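Have a look at the structure below before the remarks.
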Amino acid sequence: MAEAKAIAANKSHSEAERRRRKRINGHLATLRTLLPNTIKTDKASLLAEAVRSVRELKKTTSELGATTMSDDDNDNYDDHTTLMKKFMFPSESDELNISYCNNSMDSDGTLIVKASICCEDRPEIMMELRNALSTVQGKVVRAEMSTVGGRIKCLLWLQMLENGCKEGLLVQLRSALKVVMDKATFGPQNMGQDLLGNKRPRLLGGPMNYV
């Protein structure tokens with residue numbers, strides 16, 4: 001009886017070891033496909049490269065975080081050097097933010113406004129943005145856009161014709177862009193997502209914000 005138990009225990013141990021080795025080999029195979037610089041494919045080299053890549057990714061993430069947390073509100077719309085250093089990633093929630101720029105009056109007396117919109121991406125969204133801006137006579141003087149995973153983020157610097165009421169102008173612009181954002185969120189193609197609990201829109205900032 002004792003011998004039978006020993007044989008069973010040994011068999012169980014061997015099976016567990018076989019599964020462990022199989023799992024490790026699977027992880028190593030995954031690393032070989034994921035790591036960008038896999039000149040050597042032995043176990044030690046793969047693990048060393050994995051550690052190096054993780055450290056590099058952590059450094060990049062920290063740099064991105066430091067960049068996005070920088071004082072964005074002090075940017076002028078024509079500060080090209082600053083803009084080129086910024087990274088834009090669409091958020092998971094719908095967002096709309098509108099604010100004045102520094103030196104919000106251009107040399108010809110037009111108002112400079114910064115608008116940021118983040119929502120679900122779709123083929124017709126560029127045309128809808130153009131139509132929305134035309135309703136408030138907004139002229140794009142600079143734009144940045146990025147799309148990731150079906151989401152889009154647009155950062156626009158606009159020349160607005162002031163008709164004596166800045167606050168009313170920003171309210172009109174916000175309303176026009178909100179229609180575009182809501183259409184992307186609640187359009188027919190996204191009804192299934194809405195029923196399952198789509199991300200709620202977030203309206204950030206307000207007419208009294210300055211950048």
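The values are calculated or read from the model by the stated rules, or taken from the named source; none is laboratory data. Given the structure is predicted, the values throughout are model-derived calculations rather than measurements. Using ideal geometry, Cβ is built from the backbone for each residue, glycine included, and neighbour counts are taken over all protein chains shown.
Structure notes:
- Some residue of segment 182-195 being at pLDDT 80 or above, on the phi < 0 side of the Ramachandran plot, surrounded by 13 or more Cβ atoms within 10 Å (Cβ to Cβ) and within 23 Å of the chain's Cα centre (by Cα): yes
- Among (1) out of contact with any Lys or Arg (no Cβ under 8 Å at 6 or more places or on another chain); (2) modelled with pLDDT under 85; (3) closer than 20 Å to LEU170 by Cα, the one test that ARG142 misses: (2)
- The number of residues in segment 6-25 that are closer than 16 Å to ASP42 by Cβ and not basic (Lys, Arg) comes to 2.
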